[in-house]
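Readers should treat all values here as calculations from the given coordinates under stated rules, not as data from a laboratory. All values reported here derive from a predicted model rather than from experimental measurement. Note that we place each Cβ from the backbone using ideal geometry, even for glycine, and neighbour counts take in every protein chain shown.
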Amino acid sequence: MAKKKESKQKKMNVRVDFTPMVDMMMLLITFFMLCTSLAKPQAMQLTMPAKQDAPKDQKEKSKTELTVDVYLLPDNKIYTYIVSKAEQYGDPEFLEEVTWGTGKGSIREKLVTYNPYKDAVAPIQAIMNAKKQLDAWVVAQPKANKDVNDSIYEHALSWIRKGKLDVVSNNSLNKAKYDEYDRQSKDPNFVEDTEKLATTINVNIKPLDDSTYDNLVTILDEMAICCIGTYRISNVNVDDLTLLSKKEGTGVQAPAAAPAAPTE
Amino acid sequence: MTPMSDVMVLLLTFFMLSANFVKNEVVKVVTPSSQTESKVPKSATLDIMIKPDTLNKGTAQEKIIGRVFLATDKVVTMENALDTLLTKDFTKYKKDFYNNNVKVEKLWTTFKAETQIGVPMKDLAAFLGKTHEEMVKDLKAGGVPLDSIDGGMSEFQFWVKALKAGYKKWYKDVTDEKNETLSASEKAELPTKLDICIKADKETPYSTFKLVINELQDIMESRYKLLTQYKKPVEEKGE
């Protein structure tokens, strides 16, 4: 009998009750799930010119055939306007509706394949290829000196955008060229020889008042993806409205004021 | 039961580590998405929120306008800013906030507790005396006025300037050698000025955005960060 009692004591249940802990855990998890946001917002840098130095002279410098006008209309509509000669301005024939996204007839395709001089590779495609090589280079770099590489990457990318495509070669950074451009950028007396640069496209973004902010951000994102060196958000003037109203399907009313008065 | 509590602990750890608290903002906006991958600065941001609102819904005069709200993560900055505005630019409202040059404690405490600035200056004192429910209602129908006062700067411009100056003052105080509330490394990490972050709703009409940008350009602010949500790039065909 005594023996039996002893064994019973040994077999005593020693399990700890976890239920209160799990309850509390549940509460904590619920709290954290409800009070936190996982998606961290991203920041897109936008720099507008200061009011004083309106880039009037710059406007005249860019060639007609190298400028693409993009109109953002209400209801997510987007039109491109590409003319090859200055005297063709105002002709609605060159106004073309494109779609958002990447497929055929999209704004991306339009920009990437735009080739005014019939080069072997379209200018924006060439720049995007150069960027891809630069991306390949930065991925292949050792993680240890990330900060240095990131700064090199930023510099090289800004030069690629300006048309200095030879800063990369064979999926890697061309160190000699990089150093040369680095010296040039630090030299205040250096004058750029624009003839040597690859063709770059300028984009004029013209959002109408009723277009949405969403569309503006999408087109700015498109500029970053296509590595457009110079783009500008300009205000729509009377000429633009007249042009849009001539095209069917835009839904834009012709402006009431006489188009002769130049507005800026 | 053990496996379950194991999973719980894991989940809890995950949520605690990735915790990124939602700010208690009365006015919430849905930002557009982009493929940009740069992060928003952790501190010292001046958030400009733009929320669209439809006026006269269903009538012929239906019009979408954007309401503008200001916020910053530094409470001291907001206090400094209001102080400057009251003593310099909006002196006629000073008597609401000061009683014989002593701050009316109740109003200032409420002001500091509010995360967003979104009512016109003339209504601010009355607004701060209201109950929370009324405040929420007022904010939703409010917004910082963008129209210029007597041909000069608008209230929005005054606020942005004052907030930036307020941060500068705080920064100067806190990084002063005699001030020992922060360690040397913490002082070095502080940003020297407020970054302007524009947090506009997807549906904001461009006209409002243009107005805000124009007003910022007028006071020599030309660099902004547009807040977006990350969207995965779509792979192109034929590659």
Q.
Going by amide H atoms built from the backbone, whose H comes under 5 Å of the H on B:Thr228, apart from near neighbours?
A. A:Gln42, A:Ala43, A:Met44
Q: Specify the inter-centroid distance of the range B:131-164 and the range B:177-211, based on alpha-carbon positions, in whole Å.
A: 18 Å
Q.
Compute the angle between helix A:213-225 and the longest alpha-carbon principal axis of chain A, please, reported from 0 to 90 degrees and rounded to the nearest 10.
A. 90 degrees
Q. How long are the three semi-axes of the equivalent ellipsoid of the range B:44-230, in whole Å, if each is the root of 5 times an eigenvalue of the C-alpha gyration tensor, listed from largest down?
A. 29, 22, 15
Q) Applying 1/(1 + (r/R0)^6) with R0 = 51 Å to the Cβ-Cβ distance of A:Met48 and B:Leu10, what FRET efficiency is obtained, to the nearest 0.05? A) 0.65
(Q) For a quick check: with amide H placed at 1.01 Å from N, whose amide H comes under 5 Å from A:Val168's, ignoring anything fewer than 5 positions away on the same chain? (A) A:Asn174
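For the range A:119-200, with only Lys/Arg (+1) and Asp/Glu (-1) charged at the beta-carbon, what is the dipole magnitude about the Cα centre, in debye rounded to 20?
260 debye
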**Q.** Length added when fully stretched, B:Glu133-B:Ala184, from 0.36 nm per residue minus Cα-Cα
**A.** 14.1 nm
(Q) Let me check I've understood the local charge: for A:Thr212, count other residues with C-beta under 12 angstrom from its C-beta, Lys and Arg +1, Asp and Glu -1. What total comes out? (A) -4
Q. In degrees between 0 and 90, to the nearest 10, how far off the longest principal axis of chain A does helix A:19-35 point, with axes built from Cα atoms?
A. 10 degrees
Q. Which number comes out as Rg/Rh for the range B:84-173 once both Rg and the Kirkwood Rh are worked out on C-alpha atoms?
A. 0.96
Q.
With viscosity set to 1.306 mPa s at 10 °C, what whole-number translational diffusion coefficient in µm²/s follows for the range A:119-200 from Stokes-Einstein and a Kirkwood radius over Cα pairs?
A. 120 µm²/s
Q: Would you grab the residues whose amide H sits under 5 Å from the one on B:Arg67? Only those 5+ places off in sequence or on another chain, please, with H modelled 1.01 Å from N.
A: B:Lys51, B:Asp53
**Q.** Whole-Hz couplings from phi, Karplus 6.51/-1.76/1.60, listed for the range A:140-148; x for Gly and Pro
**A.** 6, 6, x, 5, 4, 9, 5, 4, 5
Q) ³J(HN,Hα) across the range B:140-155 via Karplus (A = 6.51, B = -1.76, C = 1.60, θ = phi - 60°), whole Hz, x for Gly/Pro? A) 5, 9, x, x, 6, x, 9, 7, 6, 8, 6, x, x, 6, 8, 4
Q: Given the options A:Gln253, A:Gln45, A:Gln125, state which has the largest fluctuation in a GNM of chain A using a 10 Å cut-off (strictly under) for Cα springs.
A: A:Gln45
Q: Report, as an integer, the average count of C-beta atoms from other chains found within 10 Å of each Cβ along B:209-218.
A: 3
(Q) What does the extension gain come out to for A:Ser158 and A:Glu195, with contour length at 0.36 nm per residue minus their alpha carbon separation? (A) 11.5 nm
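Could you tell me the calculated FRET efficiency between A:Trp100 and A:Thr64, based on Cβ-Cβ distance and R0 = 22 angstrom, to the nearest 0.05? Mind dumping the intermediate values first?
Numbers: r = 26 Å, r/R0 = 1.18.
Step by step, r from the Cβ atoms, then E = 0.25.
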Q.
What does the structure give for B:38-45 when I average, per residue, the other chain Cβ atoms found within 10 Å of the residue Cβ?
A. 2
Q) For A:Ile82, A:Ile127, what ranking results if the residue with the fewest other Cβ atoms within 10 Å of its Cβ goes first? A) A:Ile82, A:Ile127
Q) Computed on alpha carbon atoms, what radius of gyration and Dmax characterise chain A, expressed in Å? A) 29.4, 117
Q.
Counting only other residues whose beta carbon sits under 12 Å from that of A:Val168, what net charge do I get with K and R as +1, D and E as -1?
A. +3
Q: Describe numerically, in nm with one decimal, the distance between label points set 7 Å from Cα along Cα→Cβ at A:Asp210 and at B:Asn214.
A: 1.9 nm
(Q) For a quick check: sort A:Val238, B:Val144, B:Val174 by the number of other beta carbons within 10 angstrom, fewest at the front. (A) B:Val174, A:Val238, B:Val144
Q | Peptide A:217-223 - average C-beta neighbours from other chains (10 Å radius) | A | 5
Q) Considering chain B as a Gaussian network with a 10 Å cut-off on Cα pairs, which listed residue, B:Gly143, B:Gly66, B:Gly58, attains the greatest mean-square fluctuation? A) B:Gly58
Q.
Full-extension gain between B:Lys193 and B:Gln61, please, as 0.36 nm times their residue separation minus the C-alpha to C-alpha distance.
A. 43.3 nm
Q | Calculated FRET value between A:Ala86 and B:Lys140, using beta carbons and R₀ = 56 Å, to 0.05 | A | 0.65
